[in-house]
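J.: Pasting in a structure now, in structure tokens, and then I'll have a few things to ask.
What follows is calculated from the coordinates using simple rules that are stated; it is not laboratory data. Bear in mind that the values here come from a model prediction, so they are computed numbers and not experimental data. Here the Cβ is made from the backbone with ideal geometry for all residues, glycine too, and neighbour counts use every protein chain on show.
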Amino acid sequence: MVQLIIVGILMLLPWCAWSEQAERIKLYTYHDKPPYIVSLKEKSGLYFDIVRLLNEFHDDVQYQLVFRPKTRIRSELEQKQLKGAVLGVNPAWFGDNDQIKYLWSDPLFYDTDEFVSSVKNPFEYKNPTSLHGKRYGGVQGYFYPKLHDAEKLEKLQRVNANSEKALLELVLKQQVDFAIVSRPTYFYYARKHGWWTSLSLSHQAHQKYYRAILVPKKQKNKLGTLLNTTNSIVFRKHMKQLVSSYHISE
């Protein structure tokens, strides 16, 4: 018995040594919603799977997913104090369409924000005037480009919620005419709660975009290999397999 314990300890030593020697780098996200993050405590969800995949490509680095509020991430980026990278974001969300403020990976996967409404009062987006006189739900602090002008003209009223699940509940109660919810999150909750027959999607989506990794320029030397990995053909092949089970296109 003692010999078995010693053998077990010896087998663990290489792993312990690697764990201590590997540099730990944080990948931040502010999207605490399924399927991107199903459980922070249990470390489950697409973003955790992406981090695990990245770790398989690196022996000298151990990436760790860390949730951090969007306002704090923005603040640290603006003050050039963020040590790490930001996972699952788009240049447009950080005023960097030309990709000159930060370094960016190639797209990890493509995503869609949907107009979700109740089947009892389905909403179809056809043009900007479709929004007039409507009341919609959005996540506090999120920007919805297709709705901005109508809001500015006071033709569209916004109701804020703290999560996309809360938005779907507002739709089910018909307290809003529609809500903007990411397609994978819609699929997750519709499947989990059996909401398929209660919710309706507009034929025209609110927005299609891609998600990538943002790297501060000050972190270029440390995170250059991360960008090389995510932009490689081999990594892209594994990403395609990974996202296929999340109702997301590669």
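J.: Report the full-extension gain for the segment Phe143 to Glu56: residue separation times 0.36 nm, less the Cα-Cα distance, to one decimal in nm. Spell out each step's value before the answer.
T.: On the way: separation 87, 0.36 × 87 = 31.32 nm, distance 3.47 nm.
Extra length available between Phe143 and Glu56 comes to 27.8 nm.
J.: For Val181, which sequence-distant residues (separation of 5 or more, or a different chain) have an amide H within less than 5 Å of its own amide H, given hydrogens modelled in the peptide plane?
T.: The answer is Glu114, Val116.
J.: Could you check the spin-label model distance between Ser245 and Ser75? Points 7 Å from the Cα along Cα→Cβ, value in nm.
T.: Once both label points are built, they end up 3.8 nm from each other.
J.: Given the -39500 (n - 2.57) contribution per DSSP H run of 4+ residues, what per-residue ellipticity at 222 nm results for the chain, rounded to the nearest 500 deg cm²/dmol?
T.: The per-residue figure over the chain is -10500 deg cm²/dmol.
J.: Can you list residues from other chains, or at least 5 along the same chain, whose modelled amide H is less than 5 Å from the amide H of Ala161?
T.: Those qualifying (amide H under 5 Å, at least 5 residues apart or on another chain) are Gly138, Val139, Gln140.
J.: Subtract the Cα-Cα distance of Val159 and Lys217 from 0.36 nm times their separation in residues, and report this length gain in nm to one decimal. Before the final figure, lay out the partial values.
T.: On the way: separation 58, 0.36 × 58 = 20.88 nm, distance 3.67 nm.
Between Val159 and Lys217, full extension yields 17.2 nm more.
J.: Continuing with the same structure: Which loop chymotrypsin sites (Phe, Trp or Tyr not before Pro) in the stretch 127-225, with loop taken from DSSP, have no more than 16 other Cβ atoms within 10 angstrom of their Cβ?
T.: When the chymotrypsin sites (Phe, Trp or Tyr not before Pro) of the stretch 127-225 are filtered for loop state and at most 16 Cβ neighbours within 10 Å, Tyr142, Phe143, Trp196 remain.
J.: Subtract the Cα-Cα distance of Asp98 and Gln174 from 0.36 nm times their separation in residues, and report this length gain in nm to one decimal.
T.: Details: separation 76, 0.36 × 76 = 27.36 nm, distance 3.99 nm.
Going from the current span to full extension adds 23.4 nm.
J.: To the nearest 20 debye, what is the magnitude of the charge dipole of the stretch 205-250 about its Cα centre, counting +1 on the Cβ of each Lys and Arg and -1 on the Cβ of each Asp and Glu? Write down the numbers at each step before the final one.
T.: Working: 9 positive and 1 negative charges, 49 e Å.
Approximately 240 debye in magnitude.
J.: Let me ask something additional. Please compute the contact order of the chain in relative form: average sequence separation of alpha-carbon pairs under 8 Å and at least six residues apart, divided by the residue count, as a percent.
T.: Numbers: 406 pairs, mean separation 65.5, N = 250.
Relative contact order, the chain: 26 percent.
J.: From the backbone phi of the stretch 82-91, what are the Karplus-calculated ³J(HN,Hα) couplings (6.51 cos²θ - 1.76 cosθ + 1.60, θ = phi - 60°) in whole Hz, Gly and Pro given as x?
T.: Per-residue couplings from phi come out as 6, 9, x, 9, 10, 9, x, 10, 10, x Hz.
J.: Indicate, rounded to the nearest 5 percent, the antiparallel portion of the DSSP beta bridges found entirely in the chain.
T.: Details: 19 of 36 bridges.
Roughly 55 percent of the DSSP beta bridges within the chain come out antiparallel.
J.: Let me ask something else. Helix by helix through the chain, keep the DSSP H runs that span 27 Å or more along the axis on Cα and average at least 0.5 on Kyte-Doolittle, and give those back in order. Walk me through the intermediate numbers first.
T.: Values: long enough: 2-21 (28 Å, 1.41).
Helices meeting the criterion: 2-21.
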